[in-house]
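The values are calculated or read from the model by the stated rules, or taken from the named source; none is laboratory data. Bear in mind that the values here come from a model prediction, so they are computed numbers and not experimental data. We place every Cβ from the backbone using ideal geometry, glycine too, and count neighbours over all the protein chains shown.
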Amino acid sequence: MEWANYKVLRFQPNARPLPAAKTVFNLPSKFLPMKPRVVIAGCGFGGATVAFNLKRLAGNMAKIIAIDSSEKFDYHASLPELAAGKIRESEITIPLQQMLGRKGIKFVRAKVSRIDFGKRKVITGKSSIAYDFLVLALGARTAFYGIPGADENCLEFKSYRDASKLHAHIVSLFRSCSNAGKASDSTKIVVVGGGLTGVELAADLADMLDKLCMQCGIMRDDAQIVLVHRSPHLHPALSEEVSAFTENYLRLLGIRLQLGKAVVEVKKGSVVLEGGAELRAKTIVWCAGIQPADAVSSAGEKNFDPRCGIVLNNYLQSVGDRRVFAVGDCGWGSTFETHPVLSYLRAVEHADFVSHNLYAELSSKPHRKLIYSPRTFPTMISLGRKMGILVFGSFYLAGLQWVWAKKLVARIHLFRFRTGLDFLEFADELFVSFIEFAYYLAAKGR
Ligand SMILES: Cc1cc2nc3c(=O)[nH]c(=O)nc-3n(C[C@H](O)[C@H](O)[C@H](O)COP(=O)(O)OP(=O)(O)OC[C@H]3O[C@@H](n4cnc5c(N)ncnc54)[C@H](O)[C@@H]3O)c2cc1C
């Protein structure tokens, strides 16, 4: 889709007056007996954006029910900072009941175990919830690729709970060393996976160790972070220059890089690498991969791809069932991009298209559905408190300002969800446009 058309899509929903729902005997729509039920499974970035957009677009035309196993929405991009103790949990989480309730959207806290696509029911541990239209937004879960011991002996890093647990784990190990008066495996951390998450986490933990060592009377050289990555370079999805810059900067922070080394086994207290080398550490964090949430695999062989999730058509509808849409990390039609960088901006982009197309399905008046084509987004990476990188295609800009830019984006997103103020979507869009413009000027000046 052209950029100009994209903008029209982003701002169209607010500009158009809400459509009137069908009336029977001139009764207001709220007295209609059977409103279509739109169930949104998963309230992360994708699901919450669909819920907000649809409420604004479709108003009382449909009953919107949002389901999530977590009680809080969390902003993933700030999880490394939470793990490093730089921010508090309350700064990056919002209770879902409050966030959705404010908009008049029903929230059900339950874990989706499977979907009965034939009977159109979402099966949760407690009950089953019928739907007329379903939006799958369950995100992804950690993939351990069957590596022996990885599941049992590694800490996951997917949610605010994981980040808080990791922080508490590291602090208690360092404090125990300070009491014992000597450093050991307790002061060693192995981060497995050199994608964006692993890189940001390692850099933030390096900042944390500087302080923690001082507080616990441990020599900084006795505390170590090792980042293990199976490819010879970090960031498989980004350019070689960005990888090289990041590698050099991480080394400056004192992080040991083990590149081109696959993990073959994880034991309690150690990681075994290809070739037999063993890294001993009491903290092992797994950031090496994700796979679509389990519940969506019930879509059946034809409609589900184990790598990409629900297989989608150009309207982001399941190829096997037009009543089912998918957004974000759990629905990625392999046809759209070969090496997608899964990001919340992508999830929000999906959500914008899906809410429009869903509205077109719900509306009594004819509305053209929008054909999805992915836009290229800038990627912001923060490498600790002093260095950030803005990546756009093969260009990148580095400096402290991008750390603050990333923080600002987080604040805008969270403030929008926290307050329910729709106009903040505009601020978010304005900011992304500003970054794109900065990139354009920088690229032109080269
Ligand atoms: C540590 C980390 C750092 C990241 N950093 C960045 C970054 O800097 N920039 C960036 O753009 N992207 C980043 N991402 C990726 C980004 O967060 C995701 O791509 C984005 O959140 C995907 O949105 P989503 O709606 O598909 O899934 P999610 O936001 O993951 O939401 C899925 C929701 O579904 C719920 N759920 C899952 N399973 C079930 C179930 N069975 N039943 C009920 N509910 C369920 C979850 O509780 C969650 O609320 C990061 C991800 C992680 C994990």
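Please enumerate the residues belonging to the range 29-57 that are among the aliphatic types (A, V, I, L, M), under 14 Å from V354 (Cα atoms) and either surrounded by 24 or more Cβ atoms within 10 Å (Cβ to Cβ) or without any contact (Cβ under 8 Å) to a residue 24 or more places away in the chain (or both). Full working, then the answer.
Filtering the range 29-57 down to residues among the aliphatic types (A, V, I, L, M) leaves 32, 34, 38-41, 48, 50-51, 54, 57.
If we keep only those that are under 14 Å from V354 (Cα atoms) too, we end up with 38-41, 48, 50-51, 54, 57.
Correct list: V38, V39, I40, A41, A48, V50, A51, L54.
Look at the range 99-121 and say how many of its residues are part of a helix (DSSP H, G or I) and surrounded by 15 or more Cβ atoms within 10 Å (Cβ to Cβ). Step through it out loud before you land on a result.
Step one: list which residues in the range 99-121 are part of a helix (DSSP H, G or I), which gives 99-101.
Subsequent filtering for residues that are surrounded by 15 or more Cβ atoms within 10 Å (Cβ to Cβ) retains 99-100.
Residues flagged as part of a helix (DSSP H, G or I) and surrounded by 15 or more Cβ atoms within 10 Å (Cβ to Cβ) within the range 99-121 amount to 2.
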Give me the pairs, please: first residue somewhere in the range 298-327 and at pLDDT 85 or above, second residue anywhere and surrounded by fewer than 18 Cβ atoms within 10 Å (Cβ to Cβ) and acidic (D, E), beta-carbon distance under 7 Å, and either six or more positions apart or on two chains. R323/D132
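Any chance the range 193-202 includes a residue that's out of contact with any Ser or Thr (no Cβ under 8 Å at 6 or more places or on another chain), of a type outside the set (F, W, Y) and without any contact (Cβ under 8 Å) to a residue 24 or more places away in the chain?
Quick first cut of the range 193-202, residues out of contact with any Ser or Thr (no Cβ under 8 Å at 6 or more places or on another chain) only: 193, 195, 197-198, 201-202.
Now restrict to residues that are of a type outside the set (F, W, Y): 193, 195, 197-198, 201-202.
Then keep just the ones that are without any contact (Cβ under 8 Å) to a residue 24 or more places away in the chain; that gives none.
No; the residues of the range 193-202 include none that is out of contact with any Ser or Thr (no Cβ under 8 Å at 6 or more places or on another chain), of a type outside the set (F, W, Y) and without any contact (Cβ under 8 Å) to a residue 24 or more places away in the chain.
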What residue, of L279, L234, L259, is touching an Asp or Glu at 6+ places or on another chain (Cβ under 7 Å), touching a residue at least 24 places away in the same chain (Cβ under 8 Å) and either over 30 Å from S363 (Cα atoms) or not assigned by TED's automatic domain parsing to the domain that holds A206 (or both)? L234
Take the range 270-312 and flag every residue that is under 29 Å from D221 (Cβ atoms) and surrounded by fewer than 16 Cβ atoms within 10 Å (Cβ to Cβ). E274, G275, G276, A277, E278, R280
Within the range 122-159, take every residue that is in a strand (DSSP E or B) and charged (D, E, K, R) and give me the one that is nearest to K267 (Cα to Cα). E156
Among the residues of the range 357-394, write down those that are in a helix (DSSP H, G or I) and crowded, with 24+ Cβ neighbours inside 10 Å. L358
Take K182 and tell me if it is among the basic types (K, R), modelled with pLDDT under 95 and either in a helix (DSSP H, G or I) or under 24 Å from the mean Cα position of the chain (by Cα) (or both). no
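Test of understanding: among M61, M1, M99, which residue is away from the ligand (no atom under 12 Å from the Cβ) and modelled with pLDDT of 50 or more? Before the answer, list the steps.
Working: M1 fails: modelled with pLDDT of 50 or more; M99 fails: away from the ligand (no atom under 12 Å from the Cβ).
Going through M61, M1, M99 in turn, just one is away from the ligand (no atom under 12 Å from the Cβ) and modelled with pLDDT of 50 or more: M61.
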Is there a residue being of a type in the set (V, I, T) and either in a helix (DSSP H, G or I) or near the ligand (Cβ under 9 Å from one of its atoms) (or both) anywhere in the range 72-87? no
For G125, only one of the following conditions fails: (1) outside the structural domain of S343 (by TED's automatic domain parsing); (2) touching a residue at least 12 places away in the same chain (Cβ under 8 Å). What is its number? (1)
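State whether one or more residues within the range 35-45 are modelled with pLDDT under 90, more than 24 Å from G125 (Cβ to Cβ) and over 23 Å from the mean Cα position of the chain (by Cα).
Step one: filter the range 35-45 for residues modelled with pLDDT under 90, giving 35.
So of that shortlist, the ones also more than 24 Å from G125 (Cβ to Cβ) come out as 35.
From what is left, the residues that are over 23 Å from the mean Cα position of the chain (by Cα) are 35.
Looking for residues that are modelled with pLDDT under 90, more than 24 Å from G125 (Cβ to Cβ) and over 23 Å from the mean Cα position of the chain (by Cα), one finds at least one in the range 35-45, hence yes.
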Answer yes if at least one residue in the range 279-294 is in a helix (DSSP H, G or I) and either more than 12 Å from the ligand (Cβ to nearest atom) or out of contact with any Leu (no Cβ under 6 Å at 6 or more places or on another chain) (or both), and no otherwise. yes
Scanning for something surrounded by 16 or more Cβ atoms within 10 Å (Cβ to Cβ), touching a helix residue (DSSP H, G or I) at 6+ places or on another chain (Cβ under 9 Å) and either of a type in the set (G, A, S) or assigned to a strand (DSSP E or B) (or both), does the range 249-262 turn up at least one residue? yes
Go through the range 397-414 and count every residue that is in contact (Cβ under 8 Å) with a residue 24 or more places away in the chain and assigned to a strand (DSSP E or B). 2
For the range 133-172: of the residues being charged (D, E, K, R) and within 16 Å of the ligand (Cβ to nearest atom), which is nearest to R37 (Cα to Cα)? R141
